[in-house]
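Here the structure comes first, spelled out in structure tokens, and everything after it is commentary.
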Amino acid sequence: MREYKLTALMAATSFLLCSGLMTNNRQMYWMASVLGALMGGAYLLVRRGAQPTTVQRHCPTELMEGETVDAQVAVATRARWGLLWVKAEETASAGLAVEPLPTEQDSPFAGVMHYRLTALRRGAQRLGPVYLTLSDPFGLFMRQERVDDTAEVLVLPRPVVLPRWSWEGGGRGRLIASTMHGRRGEGTDWHGVRPYTPGDPLRRIHWRATARHGSWHVKEFEVSQLAPTVLALEQAPTWRADGEAYPDFDQAIRHLAWIILEAPRQGVSVILVGSSMPEVRLTPEHYTDPRGLLRLLARIQPDADHSILDDLPRLIQQYGERYRIALFVPPQEYAAFHTRVQGYQAQGYAVEVYA
């Protein structure tokens with residue numbers, strides 16, 4: 001449409017100018033001059049009329065993975081004579097999805113863009129730069145301009161249950177029951193027999209002992225222990241990469257988020273370690289701000305210069321007697337990690353590998 005307008009005006013100007021030359025009609029000269037001045041002024045307005053531009057965003061600084069919110073970006077441009085129209089277009093990094101929303105404004109050239117923002121991937125994501133389309137009021141000329149104004153949106157990991165996870169301790173951690181933080185269930189290790197007491201389930205009746213003693217006897221199990229846990233995350237860049245993202249690594253972070261937030265309900269203390277991050281001992285004070293824990297997990301990246309396997313001997317020496325150690329590793333390296341920890345498992349240490 002814009003090309004048709006410009007072509008029509010140029011054709012009309014040429015016709016009036018040629019007609020004026022042929023007939024020596026000054027009125028046609030004047031009309032051609034007005035049309036020429038109109039087009040020239042519109043062109044100069046679009047090319048040189050923009051003053052310094054400011055961008056103002058209305059959006060949250062934190063989102064949860066999968067969360068969708070309505071946001072807005074407003075562009076203020078001081079244009080000469082107030083005749084410059086501005087259309088704004090927001091952009092975002094791959095972890096955010098921007099969907100423009102229809103507005104009730106008559107003209108899209110209002111300098112304000114309403115959009116729906118969806119968090120796709122955890123981590124520090126970026127909004128911006130903003131692309132502007134400048135136009136004169138007649139729509140004859142347009143110019144694209146980029147404003148390098150950016151804002152950070154931190155996308156928090158969404159906790160996901162780890163199906164194979166069990167809160168019960170094992171290995172050497174079972175030898176120091178007095179130092180454990182809690183008890184859970186009836187256990188699975190048979191401890192002996194005792195006389196039946198009302199309320200004992202019938203499935204626990206020990207028939208041979210009952211026949212031998214002539215009275216009801218039941219099996220007695222050792223109570224399962226809840227050992228404190230060390231969550232050891234592999235941060236070497238060996239995870240499956242999908243462009244700029246590491247899908248398997250992000251899934252491991254989601255599982256860690258669930259374990260960390262669920263631990264206080266189970267009465268289990270947790271220590272988080274990684275290949276390139278300082279040790280984080282999670283205390284009751286940390287759990288007063290669950291989003292603070294998620295912020296910590298949101299910024300972790302697989303950027304270490306060594307593997308968590310290099311730190312495993314130190315972790316075993318430091319925590320192996322009392323703690324259960326859970327390694328979170330890339331799926332393609334599960335076999336190598338599992339082979340490496342079998343020696344420690346044979347010595348009675350509670351070391352597990354999750355991929």
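The values are calculated or read from the model by the stated rules, or taken from the named source; none is laboratory data. Bear in mind the structure is a predicted one, so any value in this text is a computation, not a measurement. Using ideal geometry, Cβ is built from the backbone for each residue, glycine included, and neighbour counts are taken over all protein chains shown. Remember, those area values only see protein heavy atoms, side chains included, never the ligands or the DNA or RNA. Shrake-Rupley method; radii C 1.70, N 1.55, O 1.52, S 1.80 Å.
Looking at Q345, is it in contact with a strand residue (DSSP E or B) (Cβ under 8 Å, 6 or more places away or on another chain), in a loop (DSSP other than H, G, I, E, B) and not aromatic (F, W, Y)?
no
Restrict the check to the range 150-159 and report whether at least one residue is within 27 Å of D242 (Cα to Cα), touching a Phe, Trp or Tyr at 6+ places or on another chain (Cβ under 7 Å) and at pLDDT 95 or above.
Yes; the residues of the range 150-159 include at least one that is within 27 Å of D242 (Cα to Cα), touching a Phe, Trp or Tyr at 6+ places or on another chain (Cβ under 7 Å) and at pLDDT 95 or above.
Working only within the range 140-162, note down all residues that are touching a helix residue (DSSP H, G or I) at 6+ places or on another chain (Cβ under 8 Å) and assigned to a loop (DSSP other than H, G, I, E, B).
L140, F141, P157, R158, P159, V160, V161, L162
Can you give me the ranges of the strands (runs of 3 or more DSSP E) entirely in the range 4-108 with at least 3 residues that are open to solvent by less than 30 Å² (accessible area, probe 1.4 Å) and modelled with pLDDT under 80?
By residue number, no strands (runs of 3 or more DSSP E) qualify.
Between a residue in the range 141-157 that is in contact (Cβ under 8 Å) with a residue 40 or more places away in the chain and β-branched (V, I, T) and any residue that is part of a loop (DSSP other than H, G, I, E, B) and surrounded by fewer than 16 Cβ atoms within 10 Å (Cβ to Cβ), which pairs come within a Cβ distance under 8 Å, given they are 6 or more apart or on different chains?
From the range 141-157, the pairs are V153/P60; V153/T61.
Which numbered condition in (1) exposed (fewer than 15 other Cβ atoms within 10 Å of the Cβ); (2) not in a strand (DSSP E or B) is the only one that R281 fails?
R281 satisfies all of (1) exposed (fewer than 15 other Cβ atoms within 10 Å of the Cβ); (2) not in a strand (DSSP E or B) except (2).
Check off (1) in contact with a helix residue (DSSP H, G or I) (Cβ under 6 Å, 6 or more places away or on another chain); (2) outside any loop (DSSP other than H, G, I, E, B); (3) surrounded by fewer than 16 Cβ atoms within 10 Å (Cβ to Cβ) for V353 and give me the number that stays unchecked.
Here V353 clears every test but (3).
So that you can scan it fast, the table gives a plain yes or no per residue for (1) modelled with pLDDT under 95; (2) under 28 Å from the mean Cα position of the chain (by Cα):
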{"site": "I300", "(1), (2)": "no, yes"}
{"site": "D303", "(1), (2)": "yes, yes"}
{"site": "I308", "(1), (2)": "no, yes"}
{"site": "G320", "(1), (2)": "yes, no"}
{"site": "P330", "(1), (2)": "no, yes"}
{"site": "F337", "(1), (2)": "no, yes"}
{"site": "Q342", "(1), (2)": "yes, no"}
{"site": "A346", "(1), (2)": "yes, no"}
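Could you list, in sequence order, the residues of the range 261-278 that are in a helix (DSSP H, G or I) and open to solvent by 30 Å² or more (accessible area, probe 1.4 Å)?
The answer is L261, E262, P264, R265, Q266.
Hey, can you tell me all the residues within the range 182-216 that are open to solvent by 100 Å² or more (accessible area, probe 1.4 Å) and at pLDDT 80 or above?
The answer is W207, R208, R212, H213, W216.
Looking at the range 285-294, which of the residues that are in contact with a helix residue (DSSP H, G or I) (Cβ under 7 Å, 6 or more places away or on another chain) and open to solvent by 30 Å² or more (accessible area, probe 1.4 Å) is modelled with the lowest pLDDT?
Once the filter is applied, the top-ranked residue is H286.
Consider the range 237-252. How many of its residues are in a loop (DSSP other than H, G, I, E, B) and closer than 13 Å to I300 by Cβ?
Total satisfying the criteria: 3.
Name, by its number, the condition in (1) open to solvent by less than 10 Å² (accessible area, probe 1.4 Å); (2) in a loop (DSSP other than H, G, I, E, B) that does not hold for D303.
(1)
Does A326 count as surrounded by 20 or more Cβ atoms within 10 Å (Cβ to Cβ) and within 22 Å of T238 (Cβ to Cβ)?
yes
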